[in-house]
1. Can you tell me how many residues in segment 33-64 are in contact (Cβ under 8 Å) with a residue 24 or more places away in the chain and under 16 Å from the mean Cα position of the chain (by Cα)?
2. Checking residue 27 against (1) part of a helix (DSSP H, G or I); (2) surrounded by 11 or more Cβ atoms within 10 Å (Cβ to Cβ), only one condition comes out false. Which one?
3. Select from segment 51-86 the residues that are modelled with pLDDT of 85 or more and among the aromatic types (Phe, Trp, Tyr) and write down the one among them that is nearest to residue 39 (Cα to Cα).
4. Can you tell which of 95, 89 is in a loop (DSSP other than H, G, I, E, B), over 14 Å from the mean Cα position of the chain (by Cα), aliphatic (A, V, I, L, M) and at pLDDT below 90?
5. Among the numbered conditions (1) exposed (fewer than 10 other Cβ atoms within 10 Å of the Cβ); (2) at pLDDT 90 or above, tell me where residue 40 comes up short.
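The values are calculated or read from the model by the stated rules, or taken from the named source; none is laboratory data. This is a predicted model, so every value here is computed, not measured. Here Cβ is always computed from backbone atoms with ideal geometry, including for glycine, and neighbour counts include all displayed protein chains.
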Amino acid sequence: MDVLVCLIWLGSFHHVGLHPELVEEHVDESFFPRERTRALIGIALYAPAAVIGGFMAPPAALAIFFTLAVFYWLTSQGLSSFPRSAGGLLTSYGLV
């Protein structure tokens, strides 16, 4: 199911990236094409995690699912807003 969601996001980001007239003026035109990477990461990790969880090691699949949830939380404002250091991470989320 998660792979399908990521495929939908990938298609949406691709479509909006090809049609800049759909983007509000204050949004950088490169935002949507750049965000396709987030959807591709989801597809690349959710699919193997489902296979691993279903046939081999459910705890390993849970670790991948948890890691992806944290990844999407940290990049919820886009990949460009992702803090590049632990200090930047703590500061950007008001933890220090």
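1. 12
2. If we test residue 27 against (1) part of a helix (DSSP H, G or I); (2) surrounded by 11 or more Cβ atoms within 10 Å (Cβ to Cβ), just (1) comes out false.
3. 72
4. Among 95, 89, only 95 is in a loop (DSSP other than H, G, I, E, B), over 14 Å from the mean Cα position of the chain (by Cα), aliphatic (A, V, I, L, M) and at pLDDT below 90.
5. Answer for residue 40: the failing condition is (1).
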